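*Asks:* Following this message is one structure expressed as structure tokens.
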Amino acid sequence: MNKNSSNTMALAPNTSNKRETVCIFGTGDFGRALGHKMIQSGYPVVYGSRSTQTSSLIPKDAEVLSHAEAAQKAAIIIIAIQRQHYNFLTPLAEILHGKVLVDVSNNLKINQYPDSNAEHLAQLVPGAKVVKAFNTVSAWALQSGTLDASRQVFVCGNDTEAKQTVMDIVRALGLTPLDQGSLLAAQEIENYPLQLFPMWKFPILLSLGLTAFFFFYCLIRDVIYPYIYENKDFSFFIAISIPNRICPVLALILLALVYLPGVLAAIIQLYRGTKYRRFPDWLDKWMLCRKQLGLVALAFASLHVLYTLVIPIRSFVRWRISSQIISQAQNNETEPLNTTNAWLSDSYVALGILGFFLFVLLGITSLPSVSNNVNWREFRFIQSKLGYLTLVLCTAHTLVYGGKWFLSPSSYRWYLPNAYMLSLIVPCIVLVLKFVLIFPCLDKPLTRIRQGWERNPQYSE
């Protein structure tokens with residue numbers, strides 16, 4: 001009878017009018033918010049506290065008792081206190097024996113202790129069934145009801161029945177439980193709220209480093225050099241001209257860095273003759289953050305488009321155009337149209353438009369709401385085939401823009417090439433390597449390796 005009712009609760013937790021009493025140790029912000037949410041969901045709530053005096057902050061339908069009295073009234077006890085205060089639970093070990101203890105605590109920094117808070121709690125009260133849950137949900141989200149950003153609740157524990165009971169409570173609160181396995185996963189779960197954009201760290205640091213490098217590089221070539229040798233003050237280039245050089249350079253380099261690890265992985269697999277060996281850690285981490293690298297590259301490309309659109313309204317550009325017109329009028333001559341330059345200019349703009357269009361398409365399809373609506377083959381076609389086409393178009397866009405200056409000595413100031421020349425190094429390496437890898441003599445064995453074939457089967461351990 002009990003088993004059947006438990007299964008009914010698991011399938012439809014909201015259909016039962018009478019719910020089991022839940023005890024909450026701790027009357028802080030999170031304990032009060034969680035208790036209020038549970039009362040709204042039909043759970044009788046009793047608080048265990050050092051002070052049994054009622055407060056206006058405590059939900060009015062909840063009862064406040066001592067820790068021992070509250071623990072005796074419920075089989076499920078939520079520990080909403082910090083780890084350093086767990087010692088008071090030791091004298092209650094007999095009362096807590098066989099009860100479900102839900103640890104909701106977090107730490108101040110990642111891996112603050114050798115073991116997780118939940119594992120430490122299990123050691124303090126060995127007779128209890130410890131479950132880790134609710135630590136990724138904030139008190140503010142529970143109070144305000146805005147749970148869209150934190151609806152997932154990670155749950156782990158060694159006792160399957162206790163874990164299922166907690167997951168039923170999670171569902172009853174309108175949240176989504178995710179079973180993470182045994183209590184060994186508790187430390188990883190406790191680290192989740194402390195991570196600040198973990199997959200964005202490398203792309204952001206890399207882009208900041210490259211931005212600083214190319215800023216000072218362009219500053220030396222385009223501002224300091226003319227000031228020293230030509231006595232011209234081009235310091236205003238810092239506002240638009242230099243950023244409009246940096247943004248396309250970084251967009252192209254970062255886009256190439258999205259596809260470089262895939263090429264390196266293919267070379268490693270060809271060399272090893274198997275796909276059943278792990279890549280080096282640096283390559284694994286690099287491949288995991290390719291999406292973030294691509295989105296940062298798209299951001300720089302978008303800035304480049306915006307900077308380019310404002311070029312005609314710049315004072316410097318309008319002054320230069322008017323000076324050319326006045327000069328032609330004074331000399332009574334008209335400069336004829338150079339069709340070669342016109343073709344180069346139009347080709348450069350056309351390649352940029354097409355490249356940016358595909359760039360945006362790659363960014364849109366990387367969004368979860370879009371990628372979930374395409375199958376794996378479609379997603380791979382867009383991100384791989386169209387991705388390489390985007391890289392080709394953007395590289396060609398840069399080559400057409402300044403290809404004629406590669407052999408011009410005047411373009412090397414202090415023997416330093418223009419920034420766009422440096423930006424072509426990584427993309428050209430990627431495209432050349434990819435072009436080599438599509439040769440049948442390399443593509444066929446690589447395809448076989450990725451399908452499971454091994455040159456040396458002893459590596460398939």
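*Asks:* Would you list, by chain and number, the lysines whose Cα falls below 26 Å from the Cα of residue 232, excluding same-chain residues fewer than 8 positions away?
*Replies:* 404
*Asks:* On to the next question. Roughly how many Å is it from the Cα centre of segment 207-268 to that of segment 55-85, as a whole number?
*Replies:* Segment 207-268 and segment 55-85 have Cα centres spaced 59 Å from each other.
*Asks:* Excluding ligands, DNA and RNA, what is the solvent-accessible area per residue of the chain at a probe of 1.4 Å, expressed in Å²?
*Replies:* On a per-residue basis, 57 Å².
*Asks:* Count the DSSP beta bridges whose two residues both fall in segment 22-194, then state the antiparallel fraction as a percent rounded to the nearest 5.
*Replies:* Antiparallel bridges: around 10 percent, rounded to the nearest 5.
*Asks:* Averaging over all projection directions, find the projected area of the Cα convex hull of segment 130-246 and quote it in nm² with one decimal place.
*Replies:* Averaged projected area of segment 130-246's Cα convex hull equals 10.9 nm².
*Asks:* Quick one: of 73/99; 60/163; 201/285; 201/434; 163/201; 163/285, which pairs are farther than 22 Å apart, Cα to Cα?
*Replies:* 60/163; 201/434; 163/201; 163/285
*Asks:* Which value, in Å² rounded to 10, gives the accessible area of residue 288 with a 1.4 Å probe and all protein chains present?
*Replies:* Accessible area of residue 288: about 120 Å².
*Asks:* Now, a different point. Just want to confirm a number: the relative contact order over segment 64-126, from Cα pairs under 8 angstrom separated by 6+ residues, in percent.
*Replies:* Averaging sequence separation for qualifying contacts and normalising by length gives 39 percent for segment 64-126.
*Asks:* Compute, for the chain, the length of the dipole vector about the Cα centre, with Cβ point charges of +1 (Lys, Arg) and -1 (Asp, Glu) only. Units Debye, rounded to 20.
*Replies:* It comes to approximately 760 debye.
*Asks:* Can you give the FRET efficiency for residue 376 and residue 65, using 1/(1 + (r/R0)^6), R0 = 60 Å, r = Cβ-Cβ distance, to the nearest 0.05?
*Replies:* Efficiency at R0 = 60 Å is approximately 0.60.
*Asks:* How much solvent-accessible surface does residue 36 expose, in Å² to the nearest 10, with a 1.4 Å probe and all protein chains in place?
*Replies:* 90
*Asks:* So what are the radius of gyration and Dmax for the Cα set of the chain, in Å?
*Replies:* For the chain, the Cα-based Rg and Dmax read 31.5, 105 Å.
*Asks:* Here is a follow-up. Using Cα-Cα distances under 8 Å and only pairs 6 or more residues apart, what relative contact order does the chain have, in percent?
*Replies:* RCO, the chain: 12 percent.
*Asks:* Between residue 347 and residue 219, what FRET efficiency comes out of the Förster formula 1/(1 + (r/R0)^6) with R0 = 30 Å and r the beta carbon distance, rounded to 0.05?
*Replies:* Once the sixth-power term is evaluated, E becomes 0.50.
*Asks:* For the pair residue 299 and residue 320, how long in nm is the line joining their label points, each one 7 Å along Cα→Cβ?
*Replies:* Going by the 7 Å Cα→Cβ label model, 2.9 nm.
*Asks:* Follow-up question, since we're still on this one. How much net charge surrounds residue 286 when only the other residues with a Cβ under 15 Å from the Cβ of residue 286 are counted, with Lys and Arg +1 and Asp and Glu -1?
*Replies:* With Lys, Arg at +1 and Asp, Glu at -1, the net is +3.
*Asks:* Under unit Cβ charges (Lys, Arg +1; Asp, Glu -1), what dipole magnitude, rounded to 20 debye, does segment 22-194 have relative to its Cα centre?
*Replies:* Using Cβ point charges on Lys, Arg, Asp and Glu, segment 22-194 gives about 300 debye.
*Asks:* Another question, then. In the neighborhood of residue 362, defined by Cβ-to-Cβ distances under 14 Å, what is the net charge if each Lys or Arg adds +1 and each Asp or Glu adds -1?
*Replies:* +3
*Asks:* Nearest 10 degrees is fine. How inclined is helix 290-309 to the longest principal axis of the chain, computing both from alpha carbons?
*Replies:* Value to nearest ten degrees: 50.
*Asks:* Okay, next question. If I fit a long axis through the Cα atoms of helix 339-365 and take the longest principal axis of the Cα atoms of the chain, what angle between them do I get, 0 to 90°, rounded to 10?
*Replies:* Between helix and principal axis, roughly 10 degrees.
*Asks:* From the protein chains alone at 1.4 Å, what is the descending order of accessible area for 335, 190, 119, largest first?
*Replies:* 335, 119, 190
*Asks:* Restricting to bridges with both residues inside the chain, how much of the DSSP beta-bridge set is antiparallel, in percent to the nearest 5?
*Replies:* Expressed as a percentage, antiparallel bridges in the chain total about 10.
*Asks:* Any chance you could look up the accessible area of residue 233 with a 1.4 Å probe, heavy atoms only, rounded to 10 Å²?
*Replies:* Roughly 100 Å² of residue 233 is accessible to a 1.4 Å probe.
*Asks:* Residues of segment 190-206 with amide nitrogen under 17 Å from the 7 Å Cα-to-Cβ point of residue 425?
*Replies:* Within reach of a label on residue 425: 206.
*Asks:* With the calculation restricted to Cα positions, what are the radius of gyration and Dmax of segment 22-194 in angstrom?
*Replies:* That works out to 14.7, 40 Å for Rg and Dmax.
*Asks:* Excluding residue 217 itself, calculate the net charge of residues whose Cβ lies under 15 Å from the Cβ of residue 217, where each Lys or Arg counts +1 and each Asp or Glu counts -1.
*Replies:* Overall, the nearby charge balance is +2.
*Asks:* Under Stokes-Einstein, with the Kirkwood radius over Cα pairs standing in for Rh, what whole-number D in µm²/s applies to segment 222-311 at 10 °C and 1.306 mPa s?
*Replies:* In µm²/s, the coefficient rounds to 100.
*Asks:* Also, quick follow-up: In nm, to one decimal, how far is the modelled label at residue 386 from the one at residue 338, with both set 7 Å along Cα→Cβ?
*Replies:* Between residue 386 and residue 338, the label points sit 3.7 nm apart.
*Asks:* While we're looking at this one, here's another question. At residue 407 and residue 239, where each label point lies 7 Å from the Cα along Cα→Cβ, what is the point-to-point distance in nanometres?
*Replies:* Label-label distance for residue 407 and residue 239, simple model: 3.9 nm.
*Asks:* Helix 425-437: angle to the longest alpha-carbon principal axis of the chain, degrees 0 to 90, nearest 10?
*Replies:* 80
*Asks:* Also: With contacts defined as alpha carbon pairs under 8 Å and 6 or more residues apart, what's the relative contact order of segment 22-194 in percent?
*Replies:* Here the relative contact order equals 20 percent.
The values are calculated or read from the model by the stated rules, or taken from the named source; none is laboratory data. Predicted model, so just to flag it, every value in this text is computed and none were measured. Ideal geometry is used to build each Cβ from the backbone, glycine not excepted, and the neighbour counts take in all protein chains shown. What goes into the accessible areas is simple: the full protein's heavy atoms, side chains included, and nothing from ligands, DNA or RNA. Shrake-Rupley method; radii C 1.70, N 1.55, O 1.52, S 1.80 Å.
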